[in-house]
Every structure is written in structure tokens, then in C-alpha cells.
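The structure appears below as C-alpha cells.
The values are calculated or read from the model by the stated rules, or taken from the named source; none is laboratory data. All values reported here derive from a predicted model rather than from experimental measurement. Glycine gets a Cβ as well: all are built from the backbone with ideal geometry, and neighbour counts include every protein chain shown. Just so you know, the surface numbers come from the protein's heavy atoms only, side chains and all, with ligands and any DNA or RNA stripped out. Shrake-Rupley method; radii C 1.70, N 1.55, O 1.52, S 1.80 Å.
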Amino acid sequence: MNLSVKRINAIFQKDLKDISKNIFVLSTVLIPFLFAFLYGRQGDVPLEVQFLIINIAFTAVGAFVQSAVIAEEKEKNTLRGLMMSPATSSEILTGKSLLSAVLTVVTMIVCLSITNYVVTDPIMLLSMIIALIFFISLGTLVGLMTKSLMEASVVSVPIIFVFGMGRMFQELFQGNKLVMIFDYLPNVQLEMLASQITEGASFAESLPYLGTILAWTLISIIVTVIVYNKSTLDA
Amino acid sequence: MEEIIKVDSLTKFFANEEALDGLDLSIHSREIFGFLGPSGAGKTTTIKLLTGQLLPTSGSATVFGVPVKEVNSPQHLKKIGVMSDNSGLYERLSIYENLKLYCELYQVTTDRIREVLEMVNLIGEEKKMISKLSKGMRQRVVLARTFLHKPNLLFLDEPTAALDPVNSEQIHRGLRELNQNGTTIFLTTHDMREAETLCDRIAFLNNGEVQLMGPPKELQRQYSNGNIRLELKNGHEVEVQNNKEGAQKVHEWMSSGELVRIQSHEPTLGEIFVDITGRKLI
Ligand SMILES: Nc1ncnc2c1ncn2[C@@H]1O[C@H](COP(=O)(O)OP(=O)(O)O)[C@@H](O)[C@H]1O
Ligand SMILES: [Mg+2]
């Protein structure tokens, strides 16, 4: 694969300029901040709350902003221009992912410095990076499968509930068999991994969690690429 | 003459509706080819098929000698420019910022922006945001964007549809300039004057089929009945045949000072179209 950094950067720079004028999309960055401010002042913030903030950043910023910028390219017929240019699919998809990825990382760093959470474990850090890729890919998929920014926003709401706050529902419906599958959501796995690591889990004990998150990510990338390639055809 | 596009019995169905019915075409390198036809004739569908945005139902088409299915690869796309009904711009960015992105995608220097803005008569407007532009100005920005990389082959779907005559004329100059520098142009239009003045060859499309093809002047000659049209002092327009009897009449009107004007009467492309299809071009 021969990626042109220049093309990827050109798409990123364009998105950066564009988002600075798009208050609606940018405003979702406030949601994780709101949680961080609300809980961050309570002194010792429990791990559950840290991961509520992390997963809301992943969904409300990562997946949502990504779905919004992709859906808008479709809605305004600008994606076609990118596709008809010599930029490859990988260059377009990478370029289109950078903005939401950077925005998520910055949001998360600021929020977690408010709530005093530092990630030092390399497995944990790696899992978070893989989870970020999962959420960006999920956002891309939503953007590709919806027709407009508004539609993408509507579809993003259940995603924020399930992948951002899934843990809360899990507690609400405790004992229900159906909720068992929530255990395998990447966001829940991420939190479980964090609590295992604080309890001193070994590398081998961490692997199943990392593996589950990685599986979600790979599957979603494959589906996204298939859907993207289909969308190069009109109608 | 080298063929740059070759289309063979191309058919396209949408659900059960036939948009193209066995299209045959051959576009020569470095010509300006006009694809004419009323709305719904299949012009846009043809452009989308030729640029790999749609797959044909049957038949074959090649561009640069490769099947259209494979045209969607960077090595071919860098030689192609496309403006279609689905060419959008970034609304919150300026004209310059929109074009700058494409300079980087096509890897041409930003010096080119000034040149293409000149071609579409938008010098001095580059800082304006797209959302503030009129429909015609947007169309000119899209055109400028397709000119940036001096494509070998340019597909333009109704390039001057939203433009006033002055700007259309400017665009025509730009297209001729590109063409002289080696760009083959495939454009669709329902503007007969545009076809007459700009195109080396045209094809009439109706109900998904090519009805007639050739250089506009040749078609006009072919469909001319050879009559001569006269305008008389009393305001009447009369046609006489180009023969002895006609000459007699002309002589009479001339001697009596009744004749105001003589012109050879060639049918317009619009008239030819109505003649062969019974349909008006709109
Ligand atoms: N995506 C589509 N789905 C269904 N029918 C379509 C689609 N695109 C075009 N058509 C139909 O195909 C025919 C040709 O359309 P088009 O190529 O847009 O014509 P033109 O550009 O000459 O006006 C029309 O009857 C139109 O309704
Ligand atoms: Mg059309």
C-alpha cells in the first residue's frame, strides 16, 4: 500500500477548517466535558465513572463526529469528488478519520486530567487506541449508511446509549439474560480490562479483553471497507 | 484517428426502466464531442457509466482502452476530469480553499488556481465562501476544479446550464483553450447554439438511442432543403428554391426594390432534432 501523506493531510486540513465553522457538530465535544466537570470535583473518581467519561468521548465525539463528517460529504455530494480524484480509498478513509480521532484524543486527555485518571499500563493504552479505531470505523459506517447529517445524528443517539453508557443499563437490568451480551461490548470490555489491571492482572489475563476489542475493530473495519466500496457506485 | 472512448451496445436498466438502449459511440482523441438530447434521454447516465460511477446492464465501454470498470483507479482518474449533477463543493470553505484541496489531491501546484479562476471569470472572488455564491458561480467553481489538473479527458454534464451568455462564452473560450492543449471533451447539453459553436461532432440522443451523429455543419447541410430565404419590405419572409424559377422571383423582387435580405436557409440543430424525433429539446 502506497499512502500519500500529502493527500491525507490535505483532507485533514480541509476538515479542520470546516469543523471550526460547524458549531452543531463541534458542540458534542461538550458532553464528555460536562460529565468530567460534574464528577471530577468529587475528589476520588471511581473507575466506573472514568470509563463512563472515556466511552462517552469515544461515542459522542469519536463515532458521532466521524459519522457527521462522512454523512455531510455524502449529503453535499463532495464525497463523489474525492472518489473521482486520484486519491485511493485508503487515503480518503484515513484522511477523513483524522479529525475525529484527534478531537477524541484531545477531549479525552483534557477530561481525564480533570478527573485525575492516568493510563500508564501499555496493554491498557494499546486497547484504548484499538477501541478508538473501532469507534471511528463505526462512525464511518453510520455516515456511509445514512443520507444526511441529520440522519446520522439520529442514528448516533442509540450508539451513544449502548456503546457509551452500556454499563449503566447493564446495572439497571441486572439478572436479565439479554444484558449478558453487553459484557462483550468493546466499551464494557475496556472497563473490565482496566479493573483487572488495577487488581494486578497478568499480561495473559489481559489478553482476552484485548482480543475481544481487537475482534470488534477488525470486523467493523472490514464491514466499513465493503460498504465504502459499494458506495463508489451511484445508486 | 485515435479512439479515446469506445462504446459498444451499451444498455442500462434502472429497475425495469431502460435508460440506455444499445448505445454505440466512438470518441476521438482531442475532439470536443457534444451529446445532445432532451431531459431523460440518458445523457447523465452515459457520463456516469463512462466514469465508473454506474455499472452497465450489458454491452461494453472502454476509456483509454481499458474497460470502464477499471477506470476507477488512481492511474486513470488523474487523467480524467468530471463534472456531473453530483459534483458538490464545501459550503463553509472559500473558493480558494475548495480548489486548494483539489490541487493537493491531484498534486498540482496552487499557482494553477489563478489560471483556472481566470478561465471561469472568477478572479477576485477567491476569498468568498461557497454558501454565499449564486448557482452560476458555484457551477463555475466546479468547472474550475475540473480544469486544475489539465485532464486528458474531460466529462462535462451540462456545463453552462445555469450560466448567463457572457459567462457561457467565457467558459467556451476556456474549453477551447484546454482542447487546443490536448484535452478531449465529452459534454452534454441541450443548448443547440453551444453545440453548433463549440463541438467538432455531436450526437443526438433520444430515448436511450443515438439518432444522428456527425459534425454540426455537415448535419445542417445534410438536412438543408437547399432553399433560400428572403425578407421583403412588407415584412413577409418567403422561401424560394435554389433554381431558375427561384432566381426569376428574386430578380423581380430585387428590381422592384421590395427585397430587404437574402439568406441561405440551413436548419438549426433544434429543427433537425424535431424533424427526426418529433420531439422538442428541452
Ligand atoms: N438512479 C436512477 N434510478 C432510476 N432511474 C434513473 C436513475 N438515473 C436516471 N434514471 C432514469 O434514466 C433515464 C435517463 O436519465 P438521465 O441519464 O438522467 O437523462 P438526462 O441526463 O439525459 O436528462 C430517465 O428516464 C431517468 O428517470
Ligand atoms: Mg442529465
Long-range HN-HN contacts of B:Gly59 with modeled amide H, under 5 Å: B:Thr11
Listed residue (B:Ile202, B:Pro67, A:Val29) projecting farthest to the positive dipole end of the protein assembly as shown, Cβ model: A:Val29
Cα extents of chain B along the three principal axes, largest first (Å): 70, 47, 35
C-alpha long axis of helix A:47-56 to longest principal axis of chain A, angle in °: 10 degrees
Total formal charge among the other residues, if their Cβ is under 10 angstrom from that of B:Glu104, Lys/Arg +1 and Asp/Glu -1: +4
Bridge type composition, segment B:3-220 - antiparallel percent by DSSP, nearest 5: 55 percent
Listed residues B:Gln53, B:Gln107, B:Gln170, most fluctuating in chain B (Gaussian network, C-alpha, under 10 Å): B:Gln107
The protein assembly as shown - share of DSSP beta bridges that are antiparallel (%, nearest 5): 60 percent
Given charges at beta-carbon only (K, R positive; D, E negative), |dipole| of the protein assembly as shown in Debye: 740 debye
Segment B:57-200 pair-distance distribution - Cα-Cα, 10 Å bins, rounded %: 11, 41, 35, 12, 1
Other protein chain Cβ atoms within 10 Å, averaged over every residue that makes up B:103-110: 5
Computed over segment B:153-216, Kirkwood Rh from alpha-carbon pairs, angstrom: 12.4 Å
Leading residue at positive end of dipole, the protein assembly as shown (Cβ point charges), from B:Gly270, B:Ser134, B:Ser84: B:Ser134
Cβ-based net charge around A:Glu48, under 10 Å, with every Lys or Arg adding one and every Asp or Glu removing one: -1
Per principal axis, descending, Cα span of segment A:162-217 in whole Å: 31, 25, 19
Within a Gaussian network of chain B (alpha carbon springs, distance under 10 Å), most fluctuating of B:Ala247, B:Ala41, B:Ala203: B:Ala247
Neighbourhood charge, 10 Å Cβ-Cβ cut-off, centred on B:His28 and excluding it, Lys, Arg +1 and Asp, Glu -1: -2
Ellipsoid equivalent to segment A:79-150 - semi-axes via the Cα gyration tensor, in Å: 30, 14, 11
A:Ser137 - accessible surface, heavy atoms, 1.4 Å probe, Å² rounded to 10: 10 Å²
Average other protein chain Cβ within 10 Å of Cβ, residues B:140-147: 1
CD proxy at 222 nm, helix term only [per DSSP H run n ≥ 4: -39500 (n - 2.57); per residue of the protein assembly as shown; nearest 500]: -16000 deg cm²/dmol
Within segment B:142-240, trypsin sites (Lys or Arg not before Pro) in DSSP loop having at most 14 other beta-carbon neighbours inside 10 Å: B:Lys233
Count, lysine Cα pairs under 20 Å in chain A, 8 or more residues apart or across chains: 21
Nearest 10 degrees, 0 to 90: helix A:122-145 Cα axis against chain A principal axis: 40 degrees
Share of Cα-Cα pairs in segment A:96-199 lying beyond 16 Å, as whole percent: 67 percent
Highest-MSF residue in chain A out of A:Thr88, A:Thr224, A:Thr146 [GNM, Cα springs under 10 Å]: A:Thr88
For the protein assembly as shown, alpha-carbon Rg over 2.2 N^0.38 Å: 1.29
Diffusion constant of segment B:225-265 at 25 °C, which comes from Stokes-Einstein with the Kirkwood Cα-pair radius and 0.890 mPa s, µm²/s: 245 µm²/s
Stokes-Einstein D (µm²/s) once Rh is taken as the Kirkwood radius of segment B:128-282 over alpha-carbon pairs, at 25 °C in 0.890 mPa s: 132 µm²/s
Total charge dipole magnitude, segment A:5-234, about the Cα centre, Cβ charges on Lys, Arg, Asp, Glu only, Debye to nearest 20: 820 debye
Filtered trypsin sites (Lys or Arg not before Pro), segment B:103-144: DSSP coil and at most 16 other beta carbons within 10 Å: B:Lys127, B:Lys128
Segment A:138-223: trypsin sites (Lys or Arg not before Pro) in DSSP loop, at most 16 other beta carbons within 10 Å: A:Lys147
Percent of Cα pairs exceeding the 20 Å cut-off, where the set is segment B:108-172: 23 percent
